[in-house]
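A short write-up of the structure that comes next.
Every number here is computed from the coordinates shown, using simple stated rules; none is lab data. This structure is a prediction, so every number in the text was calculated from the model and none was measured. Neighbour counts are summed over all protein chains in view; Cβ atoms, including those assigned to glycine, are modelled from backbone coordinates with ideal geometry.
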């Protein structure tokens, strides 16, 4: 997706922007950080003993086993995001037994600080409204991740 102007925002473009950010930040960020921990070890002061143990264990594995572990990390990152989105999409059940619940993700665009303070966005788009025919976020995530992965 190329640059999207504010005037182009609708449910589909807003959802795609959100999923794109999830892939860039949550998916790739998680993989990058875990891979860095496993391969290089903790780089922060006073690391947890478990982090050091994971790094030491990983470095003792043969190359094929290390590759398999990194594949598990990728699958795990994908699964966590996917299953989290099923909660937002309402397909994982209700939050309150006996009640219909809805978790709504909404993109709000503000032109300035005054609008933020008064909570009056110039544009407000619901990414996952119930009862509106559209791709559910968890399905869109899988589709966009597959497209992203096939590009290289």
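May I ask you to give the average projected area over all directions of the convex hull of the Cα atoms of the range 41-90, in nm² rounded to one decimal? Working shown, then result.
Working: hull surface 18.7 nm².
Average of the hull's projected areas for the range 41-90 equals 4.7 nm².
Using the per-residue mean of other Cβ atoms lying within 10 Å as a proxy for protection, in what order, highest first, do the peptides 141-148, 57-64 fall? Each step should come with its number before you reach the end.
Details: 141-148: 16.1, 57-64: 10.8.
Taking the mean over residues of other Cβ atoms within 10 Å, the ranking is 141-148, 57-64.
Rounded to the nearest 10 degrees, the inclination of helix 11-21 to the longest alpha-carbon principal axis of the chain is 20 degrees. Principal-axis analysis of the Cα atoms of the chain puts helix 28-40 at an angle of about 10° to the longest axis.
D by Stokes-Einstein for the chain, Kirkwood Rh over Cα pairs, 25 °C, 0.890 mPa s: 134 µm²/s. Length available on full extension from residue 104 to residue 118: 0.36 nm per residue minus the Cα-Cα distance, which gives 3.0 nm. GNM on the chain, alpha-carbon springs under 10 angstrom: the most fluctuating residue among 36, 21, 114 is 114.
Per-residue packing, averaged as other Cβ atoms within 10 Å, sorts the ranges 101-113, 78-90 into the order 78-90, 101-113, beginning with the highest.
Relative to the longest principal Cα axis of the chain, at what angle does helix 137-150 sit, 0 to 90 degrees, rounded to 10? Roughly 50 degrees, rounded to the nearest 10.
Put a dot 7 Å past the Cα of residue 32, heading toward its Cβ, do the same for residue 148, and the two dots end up 1.1 nm apart.
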